[in-house]
């Protein structure tokens, strides 16, 4: 358990003026909860280009998972002041601020913590083809093993793990490339607490190719006027070699039942089976 002195250090010493003024700051109306390597960094930058939206100090705040112990005042220090909110409302009629932390989606406590504090918040999930998400994630690691060897090992663990042991399953998902791509299992925890009209699910591939179209769908979801963002350049891109065809074919079959479960849960098909 974190002690009071540590909390004070993070709020006063590390957050300075923003920490001291946290009681005059607002909480987010919108939370982007996932997923890693799907375009969430780009979305963090795109959202703030709308005249009615103001971003948090930076993305991946991680309050509802790894930084929850730092307390609510620490979290509020990253958001605009109530005075900024009033100014934006007077000028544009509406105001929204947001938290983008793609690790929330698979954290076992995050849905409950968000619902307790912000039960009426809106949530966005960007989902990328699980195969491509895994492969992209691999190139952020130190790569001591081949991608194929890691996948073989993770499949064995997944077959042995008890999904009904929440802690055991969470530890696997938290560290696993395959586990982070089991979207249906993760989304189920959110649908237990939030209504479907509070959650917008975006296909990453469409977000990348039809950015302004998707951004205006997001603005519709947020009940804001349409706005064509001036800068839709991609953020946090990495380049890597093409996946082996045999590996891809193998993963298509592996993810097929998981994708079918996801499509049923969402009520739409993302056509990732190719």
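Derivation of every value follows stated rules applied to the coordinates shown; laboratory data play no part. Quick caveat: nothing in here was measured; it's all calculated off a predicted structure. All Cβ positions, even for glycine, are placed from backbone atoms using ideal geometry, and neighbour counts span all protein chains on display.
For every helix of n ≥ 4 consecutive DSSP H residues, a contribution of -39,500 (n - 2.57) applies; sum these over the chain, divide by its total residues, and give [θ] at 222 nm rounded to the nearest 500 deg cm²/dmol.
Details: 13 runs with 123 residues, N = 274.
Computed mean residue ellipticity for the chain: -13000 deg cm²/dmol.
Under a plain spin-label model, where a point goes 7 Å from the Cα along Cα-to-Cβ, how far apart in nm are residue 168 and residue 21?
Label at residue 168, label at residue 21, 5.0 nm between them.
Over all directions, average the projected area of the Cα convex hull of the stretch 44-148 and note it in nm².
Working: hull surface 34.9 nm².
For the stretch 44-148, the mean projected area of the Cα convex hull comes to 8.7 nm².
Using only Cα atoms and rounding to the nearest 10 degrees, what angle (0 to 90) does helix 82-92 make with the longest principal axis of the chain?
80
Relative to the longest principal axis of the chain, what angle (0 to 90°, nearest 10) does the C-alpha long axis of helix 211-221 take?
60
Given R₀ = 22 Å, what would the calculated FRET efficiency be for residue 83 paired with residue 48, taking r from the Cβ atoms and rounding to 0.05? Walk me through the numbers before you get to the answer.
Details: r = 18 Å, r/R0 = 0.82.
Efficiency, rounded to the nearest 0.05: 0.75.
Using a 7 Å offset from the Cα along the Cα-to-Cβ direction at both residue 213 and residue 271, what is the distance between the two label points in nm, to one decimal?
The two pseudo-label positions are separated by 1.1 nm.
Restricting things to Cα coordinates, could you compute the convex hull volume per residue of the chain in Å³? Walk me through the intermediate numbers first.
Values: hull volume 40.2 nm³, N = 274.
Enclosed volume per residue, from the Cα hull, is 147 Å³.
At 7 Å along the Cα-to-beta-carbon direction for both residue 185 and residue 240, put a label point, then send me their distance in nm to one decimal.
Those two pseudo-labels are separated by 2.1 nm.
For the stretch 134-226, go through all pairs of different Cα atoms, get the mean of 1/r, take its inverse, and jot down that Kirkwood value in Å. Walk me through the intermediate numbers first.
Details: mean 1/r = 0.0627 Å⁻¹.
Its Kirkwood hydrodynamic radius stands at 16.0 Å.
If I take all pairs of Cα atoms in the stretch 137-191, what percentage of them are more than 15 Å from each other?
Tail of P(r) above 15 Å: 50 percent of Cα pairs.
Using only the alpha-carbon atoms, how far is helix 166-175 inclined from the longest principal axis of the chain? Give it as 0 to 90 degrees, nearest 10.
Taking the Cα atoms of the chain, the angle to 166-175 is about 90 degrees.
Select from 111, 230, 102 the residue whose mean-square fluctuation is largest in a Gaussian network model of the chain (Cα-Cα springs shorter than 10 Å).
230
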